Amino acid sequence: MIEKARSVLLVPVLAILLALVVGAVIMFLSSPLIVDEFDIWLPFEAYAALIKGSLGSANAIIQTLVEATPLVLAGLAVGVGFKAGLFNIGAQGQFLMGGLAAAIVGGALATGSPWVAVPAAVLAAIAVGALYGFIPGALKAFTGAHEVVTTIMLNYIAIFIIAYVVAGPLRDPAATFARSVDVGAASLPLLFGRNGHIGILIAALAVPATWWLLYRSTLGFEIRTVGANPDAARYAGMRPRFLTVFTMSLAGLLAGLAGGIQILGLSGFMPASYSTTVGFDAIAVALLGRAHPVGILFAALLFGAMRAGSGLMQIEAGIPVQMVDVLQGTILFFLAAEIVIRRWFRIRGAGAAGEAKAETATISRSYGSGA
């Protein structure tokens, strides 16, 4: 068991370390543009500021948790899909639609009781997110439409729905730019610090709940079986079509909840053009976490820490916050090159390696026979 865990975890750890090395090289080569000379210590200063900005104080830690919260839920949305052999690239659209639903219901109940407004807005985000996941799931199950194609299309549809609705009937007439009205009483209550809202606790509880569903319930066993071999699952009396629809709906629920928490916990309104990469970052989070709920939690915390510390890194070391995107992309690159990494570092454990590569196999899989 220990050897298997080591084999599975070693590649993600190496991917992170190699990404940090690549980032250091980039910072060193670009140092003349920042300090007018090659500075070998610049990467160390940048990483020190990154750590300080994410873990150096109570407020920094809270900000890391806030940044990680939507990534945990959206990462679970992608990871659950991987377990069923589905590549849910639509977490972005599900996130946005969940946020829109929370903004609509929260705005409508903005002057009411928080005991009613908060649960209603959160449930609205969950319901709309699940519906937005149900659509590609049903299309996959009953028509064979590939979930990658349909979810990408739905991502764009979500963007334009929000742009139309928020700039039109939902626009706050008192605002200077196109945005919905403030959610008011529907804002998530704070647990600690300036912005440590209750959504952090919700995301934390979603991790063991998802783990129990996938690894301790009959339904979870069926989801993983369908992901491993749909034909064998069908032969065993399982219902691949139902499981496909259910899994995509569950994924949409989690991503929609992430969007709702982001709107209710931070911004307090939905802008007509909501700029976020949470849905796409969730793919990297799920891959780094091996689509396991606990792994996704730690991967989301890592990415959240990078986001939280990027501002101080730019202030103290002069490294643009976009370096975080470079690091995340490089991590994803090394994860995709797992076979090469294992060969370079002579990492053994073929069984564990095969299990760990299931997620990348799902991504690269061509159109199947459908459910």
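Values quoted throughout were computed directly from the atomic coordinates according to the rules given, and no laboratory measurement underlies them. Since we're looking at a predicted model, the values are computed, not measured. Positions of Cβ are generated from backbone atoms using ideal geometry, with glycine treated the same way; all protein chains shown enter the neighbour counts.
Of the peptides 21-27, 65-71, 93-99, 224-230, the ranking by mean beta-carbon count within 10 Å, highest at the top, reads 93-99, 65-71, 224-230, 21-27. Descending by average beta-carbon neighbour count within 10 Å, the peptides 287-294, 177-184 line up as 287-294, 177-184, the highest first. Between Phe38 and Ala145, the modelled labels are 5.5 nm apart [label points 7 Å from Cα along Cα→Cβ]. Once both labels are positioned 7 Å from their Cα atoms along Cα-to-Cβ, the gap between Asn59 and Ser113 label points is 3.6 nm.
Where does each of 38-47, 125-134 land if you order them by average Cβ count within 10 Å, highest first? Mind showing how you got there, number by number?
Details: 38-47: 16.4, 125-134: 25.4.
By packing density, highest mean first, the sequence is 125-134, 38-47.
Shape summary: the chain maps onto an equivalent ellipsoid whose semi-axes, from the alpha-carbon gyration tensor, are 31, 31, 18 Å in decreasing order.
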